[in-house]
Amino acid sequence: MPTILYTVRATCPDLQTRGRYLAWLSPNHIMEVIKGGAAGARIILPLPDDRSGQTPAGQQAGTARPTPTDAAPAICETHYTFPSRKAFDDYVRLHAPALRADGLKHFPPDSGITFTRQVAEIAAEL
């Protein structure tokens, strides 16, 4: 059975809000998701200059160095792995509603955080 990658992307209005979100997220929330069936988790903080080579037209890759500001949106991605689709579906059915409600209690819509979720199958790991 393929491993499932479940990604939750939180876009925070600023670095201070992201800091509060990270303090809530780890370790307690992540440990609850693991208790609910996840095999592991990673927290990813995208850099403002990822040096991936994607740059505005006419600019050499790796030359842009935007400085993060407290007023700029700050992203946090949490990647959870589940050993199977069944394990993920069980998590969504049995555990996710309470964990999502807890997240909304701490970070309601007026906190400025928006969430997106993605479910994917891991095709290969080297």
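How many residues, within region 12-33, are surrounded by fewer than 16 Cβ atoms within 10 Å (Cβ to Cβ) and among the β-branched types (Val, Ile, Thr)?
0
Would you confirm, using the coordinates I've provided, whether PRO48 is part of a loop (DSSP other than H, G, I, E, B), modelled with pLDDT under 85 and either in contact with a Ser or Thr (Cβ under 8 Å, 6 or more places away or on another chain) or surrounded by 14 or more Cβ atoms within 10 Å (Cβ to Cβ) (or both)?
For PRO48, the condition - part of a loop (DSSP other than H, G, I, E, B), modelled with pLDDT under 85 and either in contact with a Ser or Thr (Cβ under 8 Å, 6 or more places away or on another chain) or surrounded by 14 or more Cβ atoms within 10 Å (Cβ to Cβ) (or both) - is met.
Looking at (1) among the small types (Gly, Ala, Ser); (2) at pLDDT 95 or above; (3) assigned to a loop (DSSP other than H, G, I, E, B); (4) surrounded by 10 or more Cβ atoms within 10 Å (Cβ to Cβ), which one does ALA64 not meet, given that it meets all the others?
That leaves (2) as the condition not met.
Has region 87-106 got at least one residue that is under 16 Å from ARG20 (Cα atoms), assigned to a helix (DSSP H, G or I) and touching a helix residue (DSSP H, G or I) at 6+ places or on another chain (Cβ under 6 Å)?
yes
The values are calculated or read from the model by the stated rules, or taken from the named source; none is laboratory data. All values derive from a computational prediction rather than experimental measurement. Cβ coordinates were reconstructed from backbone atoms using ideal geometry, including for glycine residues, and neighbour counts include every protein chain displayed.
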